[in-house]
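A.B. asks: Below is a structure I'd like to ask you about.
The values are calculated or read from the model by the stated rules, or taken from the named source; none is laboratory data. Note that this is a predicted model, so its numbers are computed, not measured. Cβ atoms come from the backbone with ideal geometry, glycine included; neighbour counts cover every protein chain shown.
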Amino acid sequence: MKPSGKIRLKRFSVGQRIFHLLLMLSFLTQGATGLARMYIETDFGKGLASFFGGYERALAIHKYVGILMICGFLVHLLYLIVSIDWSQYKSSLFGPDSLIPTPGDAREFIHHICWFFGLIRAPRFDRWGYWEKFDYWAVFWGIPILGITGLILAYPLISTRVMPGWGLNIAFWIHRIEAILAMAHVFIIHFFIGHLRRTNFPMDRAMFEGSVDLDVASHEKPFWVARLAQTGKLEGMLVPESKPGRRILFYVFGYAAMMVGVFLLIGGLVNSPYITW
Amino acid sequence: MGTLVHGKRIHEPEAITVRMRVMRRGLKRSLWTLLALIMGLTAQPLIASAQEEAGSAMRRYREREFSTGYYEEYEAKPIRQRPLVGVPGVSEGLFPYSPTAAAVRIRTRLADSHQGIKFYENLSCDYCHMRETKDIHTVRANLTCRQCHGGEPIASINHYYSPLNPIRRHAYVCSKCHAGASASYASYVVHAPNPAMISTLQTFPLLFIVFWGMVAIAVGTFLVFLPHTIAWGIREISMRKEKTAK
């Protein structure tokens, strides 16, 4: 609503967006190569595997990309250590700009559900909604679990030096169930919230463009906008909408990722009775 | 006069014959020792796969084995048929087992695990061991039973000389494909029980607990977030326009 045409509010830095992009690409690769092997007895799995060069090659790619994801996670940990303001660590860790869950999130979650059923007015969120915090922590928990079990399974000769071989049976099932949970959560919940709910339809471009519509933000996250206005930071964080060409690129890329995800989800569900679990 | 032989004082010519007799006896004894040594050497165990050098881990077994690859085309009878030997706990034949005999003849310790099974030569493995054909080694790596369990007679896995005995399984079986397999590595449960089954709580408790723990986390997440997200979507459709605008 600024006359200068700056109608969007900056939300993600370039680094954060690059990391989300890398996470997207590696996650989809891991999902596709993992399902290729899991479903190799079906045409769905054979098709996926042939795209990656076969059953063995799919595993090789799965291992390399997995190691890449672990490296990305370690870099993210360094990023966290650097970006936390240790001189005021309490407000930095538990303040409204932090992704660490607080009791307020549980309250907002319940209020939000009450609003779904028309019991109360919509809760007003600060910078991070509880669903966004959950998404973040789901990845934060998922990568170590999948990474550690993945390393155990990828290097069984080394890992069985420090653990019994039957631990591989257990690591295998942890890896499999956690991967199914992660994929189902991203391909159903995350995609629905990001693409299909009315506020965001057809797509929330925040993670690609780096900014959100100021109208939407002041409606859904009024506390964040008010806080920025109070501290005088709001003016400096307003940016214009990106050019139509780039916007088309974001939409094409976002929808391509969503289609890959939905393809994996439906293929996985439909073919699940035909594999040896 | 005479000479002292074995503490006895005897005459010279007599002493020579006694000495020769002693020497001959010693020679005979050492010959037997040599023979025993040679016999012992021939009775050494076979060279284990872990003791040889090999470059390829994955394709190694198929490269090295002498076989047509058609394992189920022939079936051989177990060496000895013993009609009176039955399954422990199941009374068969004239004299059922005493607990001691059952402990000796228990099927996981027999030299021929299938001995005494009627019409054995007409059966294929999966006729009895159906579940054992539904694991990654069989389904994905296309291994046949004999590639690990060997030809007839198939020794029980706990029989002392069985290649699948846990004391040598890693060297004799696993390392055919997984070069460098250790005993710990070989404790991977190839024929793993179905982790969802309640019987697994007895046979592989940690697998059962971890499986259902992970399923509980996954199902719990969806029990919360699936209805939540659907309700959210529906609510936003019926959201009033003016509220969205400002």
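A.B. asks: Just for segment A:158-171: of the residues that are in contact with a helix residue (DSSP H, G or I) (Cβ under 6 Å, 6 or more places away or on another chain) and more than 7 Å from chain B (Cβ to nearest Cβ), which one is nearest to B:V215 (Cα to Cα)?
C.D. replies: My answer is A:A171.
A.B. asks: For segment B:195-209: of the residues being without any contact (Cβ under 8 Å) to a residue 12 or more places away in the chain and either touching a helix residue (DSSP H, G or I) at 6+ places or on another chain (Cβ under 7 Å) or surrounded by 12 or more Cβ atoms within 10 Å (Cβ to Cβ) (or both), which is farthest from the other protein chains (Cβ to nearest Cβ)?
C.D. replies: Among them, the one singled out is B:L201.
A.B. asks: Still on this structure, please answer the following. Out of the residues in segment B:109-141 that are of a type in the set (S, T, Y) and not in a helix (DSSP H, G or I), which is nearest to the other protein chains (Cβ to nearest Cβ)?
C.D. replies: The selected residue is B:S124.
A.B. asks: Checking A:A122 against (1) surrounded by fewer than 18 Cβ atoms within 10 Å (Cβ to Cβ); (2) away from every other protein chain (no Cβ under 13 Å); (3) under 22 Å from A:A229 (Cβ atoms), which single condition isn't satisfied?
C.D. replies: Every listed condition holds for A:A122 apart from (2).
Results for (1) at pLDDT 95 or above; (2) assigned by TED's automatic domain parsing to the domain that holds B:L164; (3) closer than 30 Å to A:E220 by Cβ, shown as yes or no for each residue.
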{"position": "B:N194", "(1), (2), (3)": "no, no, no"}
{"position": "B:F204", "(1), (2), (3)": "no, no, no"}
{"position": "B:F208", "(1), (2), (3)": "yes, no, no"}
{"position": "B:M214", "(1), (2), (3)": "yes, no, no"}
{"position": "B:I217", "(1), (2), (3)": "yes, no, yes"}
{"position": "B:K243", "(1), (2), (3)": "no, no, yes"}
{"position": "B:K246", "(1), (2), (3)": "no, no, yes"}
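A.B. asks: Consider B:H178 carefully, then state whether it is farther than 30 Å from A:I110 by Cβ, in contact with a Phe, Trp or Tyr (Cβ under 8 Å, 6 or more places away or on another chain) and not in a helix (DSSP H, G or I).
C.D. replies: It is true that B:H178 is farther than 30 Å from A:I110 by Cβ, in contact with a Phe, Trp or Tyr (Cβ under 8 Å, 6 or more places away or on another chain) and not in a helix (DSSP H, G or I).
A.B. asks: Tell me which residues, restricted to segment B:187-205, are hydrophobic (A, V, I, L, M, F, W, C) and under 24 Å from A:R161 (Cβ atoms). If you could, list the steps in order and put the result at the bottom.
C.D. replies: Looking only at segment B:187-205, we keep the residues that are hydrophobic (A, V, I, L, M, F, W, C), and these are B:189-190, B:192, B:196-198, B:201, B:204.
Across segment B:187-205, the qualifying residues are B:V189, B:V190, B:A192, B:F204.
A.B. asks: Out of the residues in segment A:143-153 that are surrounded by 15 or more Cβ atoms within 10 Å (Cβ to Cβ) and more than 11 Å from every other protein chain (Cβ to nearest Cβ), state the one that is farthest from B:H170 (Cα to Cα).
C.D. replies: Among those residues, the one meeting the criterion is A:I143.
A.B. asks: While we're on this one: Which one of A:F201, A:F172 is over 30 Å from A:G129 (Cβ atoms), aromatic (F, W, Y) and surrounded by fewer than 19 Cβ atoms within 10 Å (Cβ to Cβ)?
C.D. replies: None of the other options fit; the residue is A:F172.
A.B. asks: A further question follows. Do any helices (runs of 4 or more DSSP H) entirely within segment A:140-218 hold 1 or more residues that are over 16 Å from the mean Cα position of the chain (by Cα) and either hydroxyl-bearing (S, T, Y) or closer than 20 Å to A:W277 by Cβ (or both), and if so, which?
C.D. replies: Counting at least 1 such residues, we get A:156-162, A:167-184.
A.B. asks: So in segment B:138-195, with the set limited to residues that are hydroxyl-bearing (S, T, Y) and within 20 Å of A:L168 (Cβ to Cβ), which one is farthest from the chain's Cα centre (by Cα)?
C.D. replies: The first filter runs over segment B:138-195 and keeps only residues hydroxyl-bearing (S, T, Y), leaving B:138, B:144, B:156, B:160-162, B:172, B:175, B:182, B:184-185, B:187-188.
Next, only the ones that are within 20 Å of A:L168 (Cβ to Cβ) stay: B:138, B:172, B:175, B:182, B:184-185, B:187-188.
Details: B:T138: 16, B:Y172: 9, B:S175: 13, B:S182: 14, B:S184: 14, B:Y185: 13, B:S187: 10, B:Y188: 12 Å.
Restricting to residues being hydroxyl-bearing (S, T, Y) and within 20 Å of A:L168 (Cβ to Cβ), the top hit is B:T138.
A.B. asks: Further question on the same structure: Looking at (1) among the small types (G, A, S); (2) closer than 26 Å to A:E178 by Cβ; (3) within 9 Å of chain A (Cβ to nearest Cβ); (4) free of Cβ contacts under 8 Å to residues at least 40 places away in the same chain, which is the one condition that is false for B:G220?
C.D. replies: Every listed condition holds for B:G220 apart from (3).
A.B. asks: For B:V215, which of the numbered conditions (1) within 21 Å of the chain's Cα centre (by Cα); (2) surrounded by fewer than 17 Cβ atoms within 10 Å (Cβ to Cβ) fails to hold?
C.D. replies: (1)
A.B. asks: Looking at segment A:260-268, can you tell me whether even one residue there is within 14 Å of chain B (Cβ to nearest Cβ) and closer than 30 Å to A:F116 by Cβ? Give the steps one after another, and end with the answer.
C.D. replies: Restricting attention to segment A:260-268, the residues satisfying the condition of being within 14 Å of chain B (Cβ to nearest Cβ) are A:265, A:268.
Subset that is closer than 30 Å to A:F116 by Cβ: A:265, A:268.
Yes, segment A:260-268 has at least one match.
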